[in-house]
1. From Leu150, Leu181, Leu135, which residue is over 24 Å from Arg97 (Cα atoms), surrounded by fewer than 23 Cβ atoms within 10 Å (Cβ to Cβ), aliphatic (A, V, I, L, M) and without any contact (Cβ under 8 Å) to a residue 24 or more places away in the chain?
2. Out of Ile206, Ile198, Ile237, I need the residue that is over 24 Å from Phe152 (Cβ atoms) and in contact with a Phe, Trp or Tyr (Cβ under 9 Å, 6 or more places away or on another chain). Which one?
3. Run Ala93 past the list (1) in contact (Cβ under 8 Å) with a residue 60 or more places away in the chain; (2) more than 19 Å from the chain's Cα centre (by Cα) and report the number of the one that doesn't hold.
4. Identify, from the list Val46, Val31, Val53, the residue that is touching a Phe, Trp or Tyr at 6+ places or on another chain (Cβ under 8 Å) and either at positive phi or surrounded by 13 or more Cβ atoms within 10 Å (Cβ to Cβ) (or both).
5. Within the set of pairs 6+ apart or on separate chains, which have a first residue in region 8-29 that is touching a residue at least 60 places away in the same chain (Cβ under 8 Å), a second that is of a type in the set (Ser, Thr, Tyr) and assigned to a helix (DSSP H, G or I), and C-beta atoms under 9 Å apart?
6. Return the residues of region 93-124 that are hydrophobic (A, V, I, L, M, F, W, C), surrounded by 16 or more Cβ atoms within 10 Å (Cβ to Cβ) and assigned to a loop (DSSP other than H, G, I, E, B); say none if nothing qualifies.
7. Can you confirm whether Gln228 is at pLDDT below 85, surrounded by fewer than 19 Cβ atoms within 10 Å (Cβ to Cβ) and under 16 Å from the mean Cα position of the chain (by Cα)?
8. Quick check on Thr144: is it in a helix (DSSP H, G or I) and either buried (at least 22 other Cβ atoms within 10 Å of the Cβ) or of a type in the set (S, T, N, Q) (or both)?
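The values are calculated or read from the model by the stated rules, or taken from the named source; none is laboratory data. This structure is a prediction, so every number in the text was calculated from the model and none was measured. When we count neighbours, we look across all protein chains shown, and the Cβ atoms used for this are built from the backbone with ideal geometry, even at glycine.
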Amino acid sequence: MTSSNTYRLRSLWLSLNHFLQNYLHLTAVIVLEFRQWLTMILSISVLLNLGMVFAFSFISGSRDPELGRYFVSGAAVMSLVTLGVMMVAQDMAQSRRNGAILYYASLPISKTAFILAVVSGNGIAAVPGMIITLLVGSWYFGFTLAINPLIFAAIPLSAISLAGVGAAIGLGIPNWRVAGLVAQATMFFIMFFAPVMIPLDRLPTILQLTGKILPPTYAAQAFRASLQPDITVALLIDLAILAVFGLGSLAIVAKTLKWRLE
């Protein structure tokens, strides 16, 4: 190996190590910021999820286990939608408004590490609500949980792909109030007009087409498949699509993020 190749490998390793340190430290900061609000966020998330589960069971008039598995997994994914889309959008809009973006700009950090840390922090906050929703929902509908090891890939990939949408809203809309309203509207659209809580074949044709180009569709499919013991080709395809959505949205947001106060 030539000295130039050795130098390039060393530079690559140092850059990667710097990025990982940025990411871990920033994620710790984001998670610690949740401390005072964690109980409230968890309570609202759990109540919202279980409210959706019970409401859909009342509307359907059934507690069929297979139907319940669909509702419960969809409600669990909505935890990621709530925190990943709405909270990330509001956090990014507020950070730009109150000058926190300027503070982070003064640090020797990567934009991508900052965005990924915000995404990870909100994703971590969503996990307890997902677990409680699955446990209570499986008891209510009487179905058995069978966890697939790929669930540990499905959850972070879903969180990244969904939070990329939230970050784009928070950073792309200049007015923070409008950004919050758009984020909330996006959450309700996903809840009622995307195949998360409602099966794809029950939606109108136009919504079936739009659902196929939205990350929540593949997040819900991957999460449902990861609650089954078998590793299927469909699950691997959904994870690959989520990875493309996630990496693409992070790259776009990091590229367009401007370190300045609006």
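1. Result: Leu135 is the single residue among Leu150, Leu181, Leu135 that is over 24 Å from Arg97 (Cα atoms), surrounded by fewer than 23 Cβ atoms within 10 Å (Cβ to Cβ), aliphatic (A, V, I, L, M) and without any contact (Cβ under 8 Å) to a residue 24 or more places away in the chain.
2. Result: Ile198 is the single residue among Ile206, Ile198, Ile237 that is over 24 Å from Phe152 (Cβ atoms) and in contact with a Phe, Trp or Tyr (Cβ under 9 Å, 6 or more places away or on another chain).
3. (2)
4. Criteria check complete, one pass: Val53.
5. Phe19/Thr112; Asn22/Thr112; Tyr23/Thr112; Tyr23/Ser120; Leu26/Tyr104; Leu26/Ser120; Thr27/Ser120
6. Across region 93-124, the qualifying residue is only Ile109.
7. no
8. Considered against the rule, which asks whether it is in a helix (DSSP H, G or I) and either buried (at least 22 other Cβ atoms within 10 Å of the Cβ) or of a type in the set (S, T, N, Q) (or both), Thr144 comes out as no.
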